[in-house]
1. Would you say S93 is closer than 23 Å to L162 by Cα, of a type in the set (S, T, Y) and in contact (Cβ under 8 Å) with a residue 12 or more places away in the chain?
2. Identify, by number, the condition in (1) open to solvent by less than 20 Å² (accessible area, probe 1.4 Å); (2) in contact with a Phe, Trp or Tyr (Cβ under 8 Å, 6 or more places away or on another chain); (3) at pLDDT 95 or above that V127 doesn't meet.
3. Can you spot a residue in the range 200-217 that is of a type in the set (S, T, N, Q) and in contact with a Phe, Trp or Tyr (Cβ under 8 Å, 6 or more places away or on another chain)?
4. Starting from the range 165-180, keep only residues that are more than 11 Å from C56 (Cβ to Cβ), then list their pairs with residues that are of a type in the set (K, R) and open to solvent by less than 40 Å² (accessible area, probe 1.4 Å) whose Cβ atoms are within a distance under 7 Å, requiring at least 6 positions of separation or different chains.
5. Can you spot a residue in the range 16-26 that is at pLDDT 95 or above, open to solvent by less than 10 Å² (accessible area, probe 1.4 Å), hydrophobic (A, V, I, L, M, F, W, C) and assigned to a helix (DSSP H, G or I)?
6. Identify the single condition in (1) modelled with pLDDT of 95 or more; (2) in contact with a Phe, Trp or Tyr (Cβ under 6 Å, 6 or more places away or on another chain) that G146 does not satisfy, given that it satisfies every other one.
7. Being closer than 20 Å to A163 by Cα, among the small types (G, A, S) and part of a strand (DSSP E or B) is the filter here; which residues of the range 198-239 pass it?
8. Of the residues in the range 48-78, how many are closer than 24 Å to A212 by Cα and out of contact with any helix residue (DSSP H, G or I) (no Cβ under 9 Å at 6 or more places or on another chain)?
Amino acid sequence: MTTTMTDKLIHCDERETLDELSGYDLRIIQPRHGYRFSVDPLLLADFAGVQEGESCADLGTGCGVIALLLARLAQKSSVTAIEFQQVMADIASRNVALNGLSDRVQIVEDDVISLKSRFPVDSFDLVVSNPPYRRPGTGKISPRRGRDEARHETSATLADFLAAAKYLVKPSGRICLIYHTCRLAELMAQAAGQKLAPLRLRMVHGNSQMDARMFMIELAKGRTGELKVEPPLLVRGEDGGYSSEKLRIYRKVEEP
């Protein structure tokens, strides 16, 4: 039997898995024991509200899931996804090809702190990111290779992610991030210092009885506006099952 290019792309060795987001008609290769995405990328892609024809940048794309979601949500959008880990950038590139999105999604292997030498200022309508949320030396160290690089700041800090996003986004554009609540005050201070105006804020709760563990925020440069705090997003409902909003975001496809 002849081996096709698609066969090569979807081949996963023992270090990888092939998972589906069937609500978005996406197949995603991921490290079996490294960093694996959870609900956060889907929440952020939904929150960002990408529009048709927009040019987007995804900072720290990992396996490329946010970039692929944005491309699916707006069929005429284009996405440039930046990832500094070579292994993850390679997986992201394979995922782009696997899902037939090479004409609209580009993977760039580079560090967030080096992007000024690669892109002109004001290049994108929308910049999104799910940055590493732990400072160096905090939290548990994972024995799984690749997870600490995704969770802990390494070469780029929160301030670096915000500075890169500010540089890349157009004055009329939007910056959308999902981040851990323990660093909300720091993010607000960093945004103010970099003259980024917070426009929308939404907290993410496991259920109505739990503290928020994540938040999503929209920032803008070169313009002002009153901060709108949106209703909380609950991952699970009162019955313990997934909330109607999470099922909507998953396009009514529950996690395996």
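1. Answer is no for this residue.
2. Every listed condition holds for V127 apart from (2).
3. Within the range 200-217, not a single residue is of a type in the set (S, T, N, Q) and in contact with a Phe, Trp or Tyr (Cβ under 8 Å, 6 or more places away or on another chain).
4. As it stands, the answer is K166/K221; P171/K221, since those pairs meet every condition given.
5. no
6. (1)
7. If the condition is that a residue be closer than 20 Å to A163 by Cα, among the small types (G, A, S) and part of a strand (DSSP E or B), then A220 is the only one that fits.
8. 0
The values are calculated or read from the model by the stated rules, or taken from the named source; none is laboratory data. From a predicted model like this one, the values you see are computed outputs, not experimental measurements. Glycine also receives a Cβ, built like all others from the backbone with ideal geometry; neighbour counts cover every protein chain displayed. For the accessible areas, the whole protein counts, side chains as well, though only heavy atoms, and no ligand, DNA or RNA atoms are used. Shrake-Rupley method; radii C 1.70, N 1.55, O 1.52, S 1.80 Å.
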